[in-house]
Amino acid sequence: MKKNGILLCILFLCRVLYSEPTLESYLLNDLELRRLALEYQKTQLSSKKTKIDNGISIELATGTARFQIQDNDFSASVSPSISMKVPQASNLSLSLGSTLKITDSENNSSDTKIQLGADIISSTALNRKINLKKAARTELEAKRNFQNRAVEAEKEYYNQLKSLFEAASNIVSKQKDLYDDKISFDEIKAKGYSTGSSKYRQAEMKVVSDEHEVNTLIHNLEHECAVFASKCGIPYTPGTNPQDFLPEDIEKVEPLDFSSFNKEDYKKIESSKYTHELAEMQRKADKDFSLTASTGYTLKNSNTSFSSGETTVTDKGTTTISNSDKSDTVDAGLSATWRGLTIGAGINFPISSDSNPVYTLSASIKPNTFRTRKITLASNSLTEEQELIDIQSAEDSYSTDLVDKQTELESILWTQKTYQETFKLWNKLESDEKKWFDEGIVKESEYLTAHANKELYKIKLLLNQIDMIIYNATIKLLFCRDYEFSN
């Protein structure tokens, strides 16, 4: 309950702090940004799991334990084992196991073996690097998605704000038309047209129609402001003047230079090169030949059981060989695979001079593997060509975007300069018209026309500043900006 109370206090403070439609309040209420933040945390956990799965592993096992009591004879057997693998060290493995047997209180344990193995030629170490690289990439992309979502949300915020200012600009333009039509109507009245004349009534209807259109535009803008306020998580009181709701000024930003970003950080180039690099590693890991070696020592190896000429006959007439008939052995093995052919060889060399070495040999072949291998290699070659084409395509896209964005920036800067000059002219004229109106030289409608034009270009300057912010956000989204991540 205490924790929930703290959260409610934080949310209340956020409402108080962000009572205006600020970018911060918009980001706080962006659910997609929250979702991606959680997704990034999930990939961090997944990356940790991958590191554990591809690190040193240890396994302890009891094996299947068997117990039996028959005719007052008790027997038990169990095969415990312990093993460890170190994939980063040529897939080094160490195992210890034994077969423990107790019959009529007599210990008949055998095959206590310690074995050490390693890959001489294999893909294990490279596959481990691939798995870790893919996990790190997944985490990095989740972080980038979260980072880019903040920029995308910023673009959304300013695009919606731009829409509101454009609606306000339309209102000012329509008000200007209203003032112009009022001037024309005043001229008609001054000329003495009767109220019932066609010219008088048409001019009057134009003024009335303009007033209705202005009121409709204001009503629509109020609705859009209310929707925008809800997205920012702030209240909007019906009847609020949109001009009081919209910010009076927009933060001025310096334009980003497309060419100042590292070409290798261009998103399409970075992605295509990563894909090619990972695929190259995977192709190298897909080896035709692998070689694994192992060595060990076995106590009382059952493979070396021999008859010493003495037998033990039980009351049931069975013959058993005692543990003394089993020799300790030094073991060695080698396994090789080439495409579909697998060959294994091993030796158990007895320590006892009474026993002979035991040799093992195995072989298997899968003919279809040889046939499919040729197809796989041909497919890999074509895939590599596609990857190189994708890299070239990404570089061409970079060159196109470079020209396109530089041209777009030049247009924004030229428009900014034009609007600034025009705004200064209308601002000066509006000031003069106000003075002349106060002196009775010009009519109020003439002053209001100049005032409307000044306000119109003031809004256009704000829209131009928004265009610059959106332009900067678009440039950011074209590049990987890993340097922005805090350590």
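The values are calculated or read from the model by the stated rules, or taken from the named source; none is laboratory data. Keep in mind it's a predicted model, so treat the numbers as computed, not measured. Glycine gets a Cβ as well: all are built from the backbone with ideal geometry, and neighbour counts include every protein chain shown. Heads up: the accessible areas ignore ligands, DNA and RNA and are worked out on the full protein's heavy atoms, side chains in. Shrake-Rupley method; radii C 1.70, N 1.55, O 1.52, S 1.80 Å.
Brief remarks follow.
- Taken about its Cα centre, the stretch 132-247 carries a charge dipole of about 620 debye when Lys and Arg each add +1 at the Cβ and Asp and Glu each add -1 at the Cβ.
- For residue 341, distant residues with modelled amide H under 5 Å away: 366
- Derived scalar couplings between HN and Hα for the stretch 211-227 equal 4, 5, 5, 4, 5, 5, 5, 5, 4, 5, 5, 4, 4, 5, 5, 5, 5 Hz in order, rounded to whole Hz, by the Karplus curve 6.51 cos²θ - 1.76 cosθ + 1.60 (θ = phi - 60°), x for Gly and Pro.
- The value of relative contact order for the stretch 392-487, using C-alpha pairs under 8 Å at least six residues apart, is 32 percent.
- Sequence-separation-based contact order of the stretch 28-145, relative, with Cα cut under 8 Å and 6+ spacing, percent: 25
- Sequence ranges 461-474, 215-228, 240-253, 359-372, ranked by mean other-Cβ count within 10 angstrom, highest first: 461-474, 215-228, 240-253, 359-372
- The solvent-accessible area of residue 96, taken with every protein chain present and a 1.4 Å probe, is close to 90 Å².
- Rounded to the nearest 20 debye, dipole of the chain from Cβ charges on Lys, Arg, Asp, Glu: 1140
- Average Cα contact separation per residue, the chain, under 8 Å, 6 or more apart, as relative contact order %: 17
- Mean accessible surface per residue for the chain, computed with a 1.4 Å probe while every protein chain stays in place, in Å²: 62
- Other-chain or far-sequence residues with amide H under 5 Å of residue 301's (modelled H): 111, 327, 328, 329
- Between residue 274 and residue 216, the distance separating the two model label sites (each 7 Å from Cα on the Cα→Cβ line) works out to 5.1 nm.
- Given the choices [x] 24.1; [y] 30.3; [z] 32.0, Kirkwood radius over Cα pairs in Å derived from the coordinates of this structure is entry [z].
- Under 5 Å, built H, 5+ apart or other chain: amide partners of residue 442: 437
- Karplus-derived 3J(HN,Hα) values for the stretch 151-167, using 6.51 cos²θ - 1.76 cosθ + 1.60 with θ = phi - 60°, are 6, 4, 5, 4, 4, 4, 4, 6, 5, 5, 5, 4, 4, 5, 5, 5, 5 Hz; glycine and proline are entered as x.
- Each peptide in 74-87, 160-173 was scored by the mean count of other Cβ atoms within 10 Å over its residues; highest first, the order is 160-173, 74-87.
- Portion, in percent, of the accessible area of the stretch 67-107 that falls on carbon or sulfur, probe 1.4 Å: 55
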